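The values are calculated or read from the model by the stated rules, or taken from the named source; none is laboratory data. Because the structure is a prediction, the values reported are computed rather than measured. In this analysis, Cβ positions are derived from the backbone assuming ideal geometry, glycine residues included, and neighbour counts consider all displayed protein chains. Surface accessibility is based on the protein's heavy atoms, side chains included, excluding ligands, DNA and RNA. Shrake-Rupley method; radii C 1.70, N 1.55, O 1.52, S 1.80 Å.
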Amino acid sequence: GRISSAVSEVVTAVKTVGRRETYLRSAGAGAFAPALRREIERYRRRVAALESFYALESKTLPPGFPARVLRTSARNFPAEFLVEIGEGNRTAPGDLAFALTADTVLLLGTVEETAENLAVIRTQWSERTRWAARVEGGEEEYVFRGGWPSPELLFVPAHRLLSRETKVFTSSASGFVPGGLFLGTVKEIEAAGIFQKVLLAPRLSPQVLEYLWVSRR
């Protein structure tokens, strides 16, 4: 299945790193050394991404598949990601895209459009992104508004006590996305009349994302 495939890819990537590093230490590397170092770093990031998929898939990920980020081709990065969905995989507008780290599964965005083996993901850094949201330990409904570099939580009353690092999740109230999906943590809180200005930190950098997890709704 997907897990055995991920393990196989990890083993292959680790072996490739070993071969490249051995050649890099040899006298024959010469002018190829900078390119070899870049290739080794790419493989190491690939190993880390696959290990995250392997560690998290059976616990917290909905059924889906990894999609490779083609950031250099994106029209409006990081508000939009262009991803390669791979042969045999299928996705459609409205499907969910997750970013994975060693300990976090984050709702990054939704599929905007598709063409052959490519898909455009509208991310939580897009000002067009709007989701119903709630904070950890609360039932009140707020509005998550995307933006770069920090998304916002709208319509939080001035009397609502929040602290930094409070976790924010989707709410099923809007019907656009399922409830309970992690969106980020509170980074900054400012008084703004009857409401507070609440900025969020997604806890990752878009520049380091090489793979997303795409799940059918």
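Roughly how many Å² of R122 are accessible to a 1.4 Å probe, to the nearest 10?
The accessible area of R122 comes to roughly 50 Å².
Using a Förster distance of 41 Å, how high is the FRET efficiency between E188 and A35, based on the Cβ-Cβ distance and rounded to 0.05?
The pair E188/A35 has a calculated efficiency of 0.50.
With a 1.4 Å probe and all protein chains kept in place, how much accessible area does W148 have, in Å² rounded to the nearest 10?
Roughly 130 Å² of W148 is accessible to a 1.4 Å probe.
How big is D, in µm² s⁻¹, for segment 102-175 by Stokes-Einstein at 4 °C and 1.567 mPa s if Rh is the Kirkwood radius over C-alpha pairs?
Answer from the Stokes-Einstein relation: 94 µm²/s.
Under the 0.36 nm per residue contour assumption, what length would be gained going from the current alpha-carbon distance of E136 and N117 to full extension?
Between E136 and N117, full extension yields 3.1 nm more.
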